[in-house]
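Undergrad: One structure is given below, represented as C-alpha cells, and several questions about it will come after.
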Amino acid sequence: MSLSVIIMGPRFDAKKILIILHGSIGDVARALPLANVVRRGFPAATLAWAVEPASLPLVQHHAAIDEVILFDRSRWWKELWPFLRRIRERRFDLVLDLQRHFKSGFISRWSGAPNRLGFNKQDAKEFNWIFNNQFIPMLGDSVSKLDHYLKFAEYLGLEPYPIEWNIDLTVEEQARVDRLVARLDGAFAVLFVGSRWESKRWFPAQIAECARMIRERFSLGVVFLGNRQDEPLAREAEELSGIELVNLAGRTALRDAVGIIARARVAVGPDTGLAHLAAAVATPVVSLWGPTSPARTGPYGFDELAIQGKAPCTPCYLKKCPIGRICMQSIGVEEIRAKLDLVLSRPDSKVVSRVH
C-alpha cells in the first residue's frame, strides 16, 4: 500500500522512489532532512539513494533509506554499466534529482521513471533540465541549499518540517569514539584542519593560534579532525601550537567524526563537509569563509557564526588561489574568539551528548 499525494500537477501513487545525489559530504548531509520528510510522507514506499563512496556512510543503514545504489566514479569503466542496470531494474516511479548536473539528469532519465522531479531550468546546470519532466519553482541563490532541497517536499505536497537528520551511530561505533577521545579530560572543541579545495584551507599558524586561544581562554580540550591529505597540515599546526591536544587527522572514518563532533562543545573550521555534519548533530560551528560564501552553503542554523574573509575578489569560487589565499589569511583569531564568546557564554549553550 502506498500513500497518494497531490502535487502541483499530476496525482500519483509513489511506490518506488529514487533520490539522486552523488555530491559532496556536505551536500548529502544537507539532503538528509528531505529523505526523512519523504519517508514520513510515503511510509509504504521503497526509498533508494544513488550515491558515491565518499558519502556512503551517511546514507547506508539510515532509517529513512531502504536501499543504496553505489556508483564508484574512480572505477567508472567497470562500475557504470552495472550501476545503470541496477537503476533500470528497480523500475522507480518517482525520481528526485537533487544533483542538477548532466550526470544526475541522465541517470534520472535512464531510470525510466514516469515522474522525474528536478530543479527549475534557471537553477540547473549542464542541460540537466532536459532529462526531467517536473520541476520545482525557480529560486536562484536566495535560499540555503537545505531549504532548496526541501522545496522538493513542498512540490510533492509534503510538510517539510520538522527538520531532522537522524544520523544514528551503533553501539560499536560509539565504543570506537570512546576510545578515540579517551585522552581528553572534560569538554573539548573540534578544529577542522583542512578542506577539499586548496583555496578554502586556513594556515598552520592560524590553526595553532586558534587552538592555543581555545585552551587558554575557554579551558577546553582541542581535537583536530581531517582526512589523510590533511595530516601534514595537522602535524605542523600541532607543533606550532605548543599545547597538548588530540590530533585525529587521518585517523577517523566519517562516522567516527560524526560521533566526535556530536560530543564537542563547539567546532571551528573552513568550508568543509564536517562543518555541515556539525550542524546535523547540533554542535555550534564557527565557519571560516574565503573563496566561497556562507549565504547559500553555510552550516544550517549557524549563520551568525560565519566569518567571511576579506579580499577584493571574495567570493571567487576558484579551487586554487593565485594570490596566496589572502581572504583566508585575513581571518584573525580575535574574530574567532568573539564568535566563541557568543556561543560559550549562552545559558542555553549545547549540552553535550552522544549521537543515538
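The values are calculated or read from the model by the stated rules, or taken from the named source; none is laboratory data. These figures come from a predicted structure and were not determined experimentally. Positions of Cβ are backbone-derived with ideal geometry, glycine not excepted, and every protein chain shown enters the neighbour counts. Areas reflect the complete protein model, heavy atoms only, side chains present, ligands, DNA and RNA absent. Shrake-Rupley method; radii C 1.70, N 1.55, O 1.52, S 1.80 Å.
Undergrad: Taking the stretch 52-77 as the region of interest, how many residues are outside any helix (DSSP H, G or I) and touching a strand residue (DSSP E or B) at 6+ places or on another chain (Cβ under 6 Å)?
TA: Matching residues across the stretch 52-77 total 6.
Undergrad: Moving to a separate point now. Considering only the stretch 183-286, give the strands (runs of 3 or more DSSP E) lying wholly within it that have at least 2 residues that are farther than 17 Å from Gly26 by Cβ.
TA: Where strands (runs of 3 or more DSSP E) fall fully within the stretch 183-286 and carry at least 2 residues being farther than 17 Å from Gly26 by Cβ, they are 188-192, 221-225.
Undergrad: Okay, moving on. Open to solvent by 50 Å² or more (accessible area, probe 1.4 Å) and assigned to a strand (DSSP E or B) - does that describe any residue in the stretch 92-115?
TA: Within the stretch 92-115 (the criterion being open to solvent by 50 Å² or more (accessible area, probe 1.4 Å) and assigned to a strand (DSSP E or B)), the answer is no, since none of the residues qualifies.
Undergrad: Restricting attention to the stretch 225-255, and to residues there that are in contact with a strand residue (DSSP E or B) (Cβ under 9 Å, 6 or more places away or on another chain) and of a type in the set (Asp, Glu), which single residue is most open to solvent (accessible area, probe 1.4 Å)?
TA: Within the stretch 225-255, the match that is most open to solvent (accessible area, probe 1.4 Å) is Glu244.
Undergrad: Separate question: Return the residues of the stretch 132-168 that are in contact with a strand residue (DSSP E or B) (Cβ under 7 Å, 6 or more places away or on another chain), of a type outside the set (S, T, N, Q) and either open to solvent by 40 Å² or more (accessible area, probe 1.4 Å) or not in a loop (DSSP other than H, G, I, E, B) (or both); say none if nothing qualifies.
TA: Phe135, Phe152, Tyr155, Gly157
Okay, residues lined up against (1) over 30 Å from Lys145 (Cα atoms); (2) without any contact (Cβ under 8 Å) to a residue 40 or more places away in the chain; (3) β-branched (Val, Ile, Thr):
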| site | (1), (2), (3) |
| --- | --- |
| Arg201 | no, no, no |
| Ile207 | no, yes, yes |
| Ile214 | yes, no, yes |
| Glu239 | yes, yes, no |
| Asp256 | no, no, no |
| Gly273 | no, no, no |
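Undergrad: Next question, about the same structure. One residue is enough: does the stretch 142-154 have a residue meeting the conditions at pLDDT below 95 and farther than 30 Å from Val281 by Cβ?
TA: Checking the stretch 142-154: not a single residue is at pLDDT below 95 and farther than 30 Å from Val281 by Cβ.
Undergrad: Identify the residue in the stretch 46-78 that is more than 18 Å from Ser108 (Cα to Cα) and among the polar types (S, T, N, Q) and, among all such residues, is least open to solvent (accessible area, probe 1.4 Å).
TA: By that ranking, first place goes to Ser55.
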